[in-house]
Amino acid sequence: MNFSDRVKRVKPSFTLEMTSRAAELRAKGVDVINFSVGEPDFNTPDHIIRAGKEAMDNGFTKYTAGSGMIELREAICEKLERDNELYYDPNQVLVSNGEKQSLFTACQVLFQQGDEVIIFSPYWVSFPEFVRLADAEPIIVKTDPNNQFEPDFDDLQLKITNKTKGVIINSPSNPTGGVWSEEAIIKILEMSAQNNWTVISDECYEQLVFDGKFVSTQKLNSYETNVLTCMSLSKTYAMTGWRIGYAVGDMDIIKAMSKLQGQATSCANSIGQKAAIAALTGDQEPVEFMRNKFKGRRDLMVELLRKIPDISCSVPGGAFYVFPDFSHYLNKSANGHILHDSFALCDYILDSAEVATVPGDGFGAPGHIRFSCATKKDTIREGIDRVAKVLNDLN
C-alpha cells in the first residue's frame, strides 16, 4: 500500500520505542530498570481521582464544548493568575487531549509549506515532527551544554532567513532538564518581535524547577511578541493518562486552533476535564511533595553519574531528566561490535545491564544519553551501578 509523503517524512517516537522494549523485557521476566520513562512514578493525587469518579457517578460522560468546559477554562485562568501572574480571559484558552495535541494543533494553524521554524537542540523528539507535519521545515539551532543548554545566539543569527516564521522554546527542557535564564528568554522575545515571529512556549515542566522560581515566557514579554503558551497537567499532577493540556494566547490563534481541533477530536475527555478542575483549584501540597522528591532524586543521580570515569554531567535546573555526555564511550567495542553512536550504546546498556535509557542522538545531541529520575532512589543507585559496571567492560 502507498502512504502519503507526510507519513514517510515523519520519524517514529524512539522514546516510546525504548519504553516499549523495556516493557517487553519485563514481560519476559527480565529485571529491567527503566530510566527511559517520561512520566512521574507517583499516582494521581486522591482528591483528583475522586473528582473523576464523581464525574462518572454523576453521569458527566458526554461531550463538552469543543474548547473545553467553561468551568475548566475559568479554573485555568485562575491558576495562571495565581501561579504565573498571567491574565487571560476564558475565550483565550483551549483545552486539548494533552499538551501534545495543543502543540501539534498550534503548528498546524501557524505554519505551512515554505515556512521555517527555529528549534533548539537538544529538542523534544516531537518538535521537528510537528513542524514537518505542518509541511514546514524545522531549523535546528545549537545550545550551550555548559549553561543549561541555553541558545547559541551566534548560531541562531546564522539560521535566520526571510522564511523564518516562528520559534519553539521549552524551559524546563525535555530532554536536558535545562532551565533558561530570563535574559536568554527575553533575547528570544526581542528577536521575535523584530522579525515578527510567533513564539510557542512549551511550559509542560513549569512546576518542576528546583533552583529558583519559574517565570513564564509571557510574563517576560514586554515587546508585544505573539506568544502562545502551552501547559499540561500531566507532569505537575501525575496525570499523564488523563490527557489534559491547554494553550493560552491571542484569541484569533485560539479560535483557529479550536476550529481545527473540533474536526480532529471534538473535545478533550469530559471526565479528565472534571478531574483537572479539582487539580487546579484543590490542594497544591502534592505538587510541592513531588517536586521535592524529584529534586532529591536529581541530586543523587547527578552525584552517581559523576563518579563514573570520563562522564560529564551538568546539574539540570528542572524537569526529571539528567542528560550526561557519554562521548568517551563511543567507538569502543562490545562483543566484537563497535558502538558508533548513542543508539548503539543505549542498546548495549539495555542488553548488558538491563537498564533502559534514551539515546541523545534522537534528540539532536550525539554522545548524550537521557536518564529519567522519575523513580525511587534505591532504583537509581542500582541502575547507575549496573551502568558503571558494563561500561567498564568496554574496550
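Against the condition assigned to a helix (DSSP H, G or I) and free of Cβ contacts under 8 Å to residues at least 40 places away in the same chain, how does ALA344 come out, does it pass? It is true that ALA344 is assigned to a helix (DSSP H, G or I) and free of Cβ contacts under 8 Å to residues at least 40 places away in the same chain.
If you filter the stretch 1-21 down to residues that are basic (Lys, Arg) and within 27 Å of CYS346 (Cα to Cα), you find that the one that is farthest from the chain's Cα centre (by Cα) is LYS8. When only residues in the stretch 84-131 that are part of a helix (DSSP H, G or I) and of a type in the set (A, V, I, L, M) count, which is surrounded by the most Cβ atoms within 10 Å (Cβ to Cβ)? For the stretch 84-131, the residue satisfying everything is ALA106. The listed residues are LEU25, LEU80, and the only one of them that is at pLDDT below 95, touching a strand residue (DSSP E or B) at 6+ places or on another chain (Cβ under 9 Å) and among the hydrophobic types (A, V, I, L, M, F, W, C) turns out to be LEU25.
Condition check ((1) more than 19 Å from PRO366 (Cα to Cα); (2) aromatic (Phe, Trp, Tyr); (3) in the same structural domain as TYR348 (by TED's automatic domain parsing); (4) buried (at least 21 other Cβ atoms within 10 Å of the Cβ)) across all residues:
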| position | (1), (2), (3), (4) |
| --- | --- |
| ARG298 | yes, no, yes, yes |
| MET301 | yes, no, yes, yes |
| ILE311 | no, no, yes, no |
| SER314 | no, no, yes, no |
| GLY318 | yes, no, yes, yes |
| TYR321 | no, yes, yes, yes |
| ASP325 | no, no, yes, no |
| TYR329 | no, yes, yes, yes |
| LYS332 | no, no, yes, no |
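Among the residues of the stretch 338-388, what is the count of those that are charged (D, E, K, R), more than 17 Å from ASN34 (Cα to Cα) and either outside the structural domain of PHE326 (by TED's automatic domain parsing) or surrounded by 18 or more Cβ atoms within 10 Å (Cβ to Cβ) (or both)? Looking only at that region, the number is 1. The residue of the stretch 204-219 that is surrounded by the fewest Cβ atoms within 10 Å (Cβ to Cβ), among those that are of a type in the set (D, E, K, R) and under 20 Å from TYR88 (Cβ atoms), is LYS219. Just one of the listed residues (THR176, THR161) is surrounded by 16 or more Cβ atoms within 10 Å (Cβ to Cβ) and either assigned to a strand (DSSP E or B) or of a type in the set (S, T, N, Q) (or both), namely THR176.
Every residue, every condition in (1) basic (Lys, Arg); (2) more than 30 Å from ILE349 (Cα to Cα); (3) touching a residue at least 40 places away in the same chain (Cβ under 8 Å); (4) crowded, with 16+ Cβ neighbours inside 10 Å, yes or no:
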position: ASP31; (1), (2), (3), (4): no, no, yes, no
position: SER36; (1), (2), (3), (4): no, no, yes, yes
position: PHE42; (1), (2), (3), (4): no, no, yes, no
position: ASP46; (1), (2), (3), (4): no, yes, no, no
position: ASP57; (1), (2), (3), (4): no, yes, no, no
position: THR61; (1), (2), (3), (4): no, yes, yes, no
position: SER67; (1), (2), (3), (4): no, yes, yes, yes
position: LEU72; (1), (2), (3), (4): no, yes, yes, yes
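Pairs are defined by a Cβ separation below 6 Å, a sequence spacing of at least 6 or placement on different chains, a first member in the stretch 231-244 that is charged (D, E, K, R), and a second member that is part of a loop (DSSP other than H, G, I, E, B); the pairs so defined are LYS235/CYS204; LYS235/TYR205; ARG243/ASN97; ARG243/GLY98.
Can you spot a residue in the stretch 70-81 that is assigned to a loop (DSSP other than H, G, I, E, B) and closer than 30 Å to LEU220 by Cα? No, every residue in the stretch 70-81 fails to be assigned to a loop (DSSP other than H, G, I, E, B) and closer than 30 Å to LEU220 by Cα.
The values are calculated or read from the model by the stated rules, or taken from the named source; none is laboratory data. No experiment lies behind these values; they were computed from the predicted model shown. Backbone-built Cβ (ideal geometry, glycine too); neighbour counts: all protein chains shown.
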